[in-house]
Amino acid sequence: MILKLKKGDIIVIIVAVCLFVFSVSLCFLLKKSGKQVRVYENNKLIFEGSLFSDTEIKLSHNLVAIKNGKVYMKKSDCKNQICVKTGMIENSRECIVCLPNKVIIEVE
Amino acid sequence: MFAEQGDNRSRIKSICIYSVLTVCCIVFGYIETLIPTALIAPGIKLGLANSVALMLIIFGDIKGAVLVNTARILLSAVLFGSLFSLLFSLCAGTASVAVCILVAKSKSVSAVGISIAGAVTHNTVQTAIAFFVLNKGVLFYLPILIISAIISGFVIAVISILVSKKLKSILSF
């Protein structure tokens, strides 16, 4: 056996794991949910509104829905359906992209 | 006379060894890019170059570890990086070697502990700099970086223990 863990090693690992737990909890504390929704099509801002007023936005190829403080791509006629599969987003800096139809939904 | 000659010899030997080790570090930096660790999470790398500094610390050559590490950072910044990347790696590299040396002073820590302490320090310092210089969003990346530092620190420790056994006769000053 080449590896002999000493007492100090265990302490170092425990401290590192504590740091990990601390950073995870820091992330949860600082996590802000977003407020504004912006929808872009062909790089043009089509819609800007609150995340908390339920609406549906009809685009030329897509249907975006805002419901219960979450936004998602309800329908899309694109081939890969990645945007629809992305699911619901609610946190700041998250986004849904539909590349074939050049649609970007972002939360801020 | 003889003693002087011997001194000169050992000086030349240490200059040679340090330069070879520094070049090793830079080559390791390239080899690292061939290992697709970025697939797990972007920005993560193994840190093979640290195994050299770690090995020197295992041998008790603290001056050599600081020298080789600083030379590696400066050279790879001149060759591949920018002034901005130099700031990042110099701060993080120096901090991690300092922590390694401090941890190594304790007799009850083996290479595994030294390596993990250095790796975690490196990633934490780098995230801290990015937090103040770039944006606050990088903070959410810290947990991934810490957990990867623990794993890669362990791997690097195993590698350097294995290699240091082979190099013991060459690297003894």
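For the stretch B:26-45, give me the residue count where each residue is among the hydroxyl-bearing types (Ser, Thr, Tyr) and closer than 18 Å to B:Ile150 by Cβ.
First pass over the stretch B:26-45, keeping only residues among the hydroxyl-bearing types (Ser, Thr, Tyr): B:30, B:33, B:37.
Those left that are additionally closer than 18 Å to B:Ile150 by Cβ: B:37.
Qualifying residue count for the region: 1.
To keep it simple, each residue is scored yes or no on (1) within 27 Å of B:Cys100 (Cα to Cα); (2) away from chain B (no Cβ under 14 Å); (3) at pLDDT below 85.
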residue: A:Ile2; (1), (2), (3): yes, no, yes
residue: A:Ile10; (1), (2), (3): yes, no, no
residue: A:Ile14; (1), (2), (3): yes, no, no
residue: A:Ser25; (1), (2), (3): yes, no, no
residue: A:Lys35; (1), (2), (3): no, yes, yes
residue: A:Ile46; (1), (2), (3): no, yes, no
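Would you please name the residue that is farthest from the chain's Cα centre (by Cα), looking only at residues in the stretch B:156-170 that are β-branched (Val, Ile, Thr) and surrounded by fewer than 17 Cβ atoms within 10 Å (Cβ to Cβ)?
Applying the first criterion (β-branched (Val, Ile, Thr)) to the stretch B:156-170 yields B:156, B:158-159, B:161, B:163, B:170.
Among the residues that remain, those that are also surrounded by fewer than 17 Cβ atoms within 10 Å (Cβ to Cβ) are: B:158, B:163, B:170.
On the way: B:Val158: 14, B:Val163: 15, B:Ile170: 20 Å.
So the residue we want is B:Ile170.
Where the second residue is among the charged types (D, E, K, R) and the first is at the interface with another protein chain (Cβ under 7 Å from one of its Cβ atoms) and lies in the stretch B:136-155, which pairs have Cβ atoms under 7 Å and are six or more apart or on separate chains?
Cβ pairs passing all conditions: B:Gly137/A:Arg93.
Could you list, in sequence order, the residues of the stretch B:2-58 that are of a type in the set (Lys, Arg) and more than 26 Å from B:Val155 (Cβ to Cβ)? Step through it out loud before you land on a result.
Looking only at the stretch B:2-58, we keep the residues that are of a type in the set (Lys, Arg), and these are B:9, B:11, B:13, B:45.
B:Arg9, B:Arg11, B:Lys13 - these are the residues of the stretch B:2-58 that are of a type in the set (Lys, Arg) and more than 26 Å from B:Val155 (Cβ to Cβ).
In the set B:Leu79, B:Leu102, B:Leu67, B:Leu75, which member is farther than 26 Å from B:Ile170 by Cα and without any contact (Cβ under 8 Å) to a residue 60 or more places away in the chain? Steps first, answer last, please.
Values: B:Leu102 fails: farther than 26 Å from B:Ile170 by Cα; B:Leu67 fails: farther than 26 Å from B:Ile170 by Cα; B:Leu75 fails: farther than 26 Å from B:Ile170 by Cα.
Criteria check complete, one pass: B:Leu79.
May I ask you to list the residues in the stretch B:117-173 that are of a type in the set (Ser, Thr, Tyr) and closer than 16 Å to B:Ala65 by Cβ?
Within the stretch B:117-173, the first condition is being of a type in the set (Ser, Thr, Tyr), and the residues that meet it are B:121, B:124, B:127, B:141, B:148, B:152, B:160, B:164, B:169, B:172.
Scanning the stretch B:117-173 gives B:Thr121, B:Ser160, B:Ser164, B:Ser172.
Without any contact (Cβ under 8 Å) to a residue 24 or more places away in the chain and more than 19 Å from the chain's Cα centre (by Cα): does that describe A:Glu48? So that I can check it myself, show each step before the final result.
Working: without any contact (Cβ under 8 Å) to a residue 24 or more places away in the chain: yes; more than 19 Å from the chain's Cα centre (by Cα): no.
In short, no.
Those residues that are at the interface with chain A (Cβ under 10 Å from one of its Cβ atoms) and under 15 Å from the mean Cα position of the chain (by Cα), I need them from the stretch B:124-135; list them, please.
Passing the criteria: only B:Thr124.
Looking at B:Ile17, B:Ile35, B:Ile58, B:Ile40, can you tell me which residue is β-branched (Val, Ile, Thr), surrounded by fewer than 19 Cβ atoms within 10 Å (Cβ to Cβ) and under 22 Å from B:Ile170 (Cβ atoms)? Spell out how you get there, then give the answer.
Working: B:Ile35 fails: under 22 Å from B:Ile170 (Cβ atoms); B:Ile58 fails: surrounded by fewer than 19 Cβ atoms within 10 Å (Cβ to Cβ); B:Ile40 fails: under 22 Å from B:Ile170 (Cβ atoms).
Testing whether each residue is β-branched (Val, Ile, Thr), surrounded by fewer than 19 Cβ atoms within 10 Å (Cβ to Cβ) and under 22 Å from B:Ile170 (Cβ atoms) leaves just B:Ile17.
What about B:Ala104, is it under 15 Å from A:Ile13 (Cα atoms), hydrophobic (A, V, I, L, M, F, W, C), more than 7 Å from chain A (Cβ to nearest Cβ) and part of a helix (DSSP H, G or I)? Please lay out each step first, then the result.
Values: under 15 Å from A:Ile13 (Cα atoms): yes; hydrophobic (A, V, I, L, M, F, W, C): yes; more than 7 Å from chain A (Cβ to nearest Cβ): yes; part of a helix (DSSP H, G or I): yes.
When the stated conditions are applied, B:Ala104 passes them.
Test B:Ala119 against the criterion of being more than 15 Å from B:Leu56 (Cβ to Cβ), within 14 Å of chain A (Cβ to nearest Cβ) and touching a residue at least 60 places away in the same chain (Cβ under 8 Å), and give yes or no.
Numbers: more than 15 Å from B:Leu56 (Cβ to Cβ): yes; within 14 Å of chain A (Cβ to nearest Cβ): yes; touching a residue at least 60 places away in the same chain (Cβ under 8 Å): yes.
For B:Ala119, the condition - more than 15 Å from B:Leu56 (Cβ to Cβ), within 14 Å of chain A (Cβ to nearest Cβ) and touching a residue at least 60 places away in the same chain (Cβ under 8 Å) - is met.
The values are calculated or read from the model by the stated rules, or taken from the named source; none is laboratory data. Remember, predicted model here, so these are calculated numbers, not experimental data. In this analysis, Cβ positions are derived from the backbone assuming ideal geometry, glycine residues included, and neighbour counts consider all displayed protein chains.
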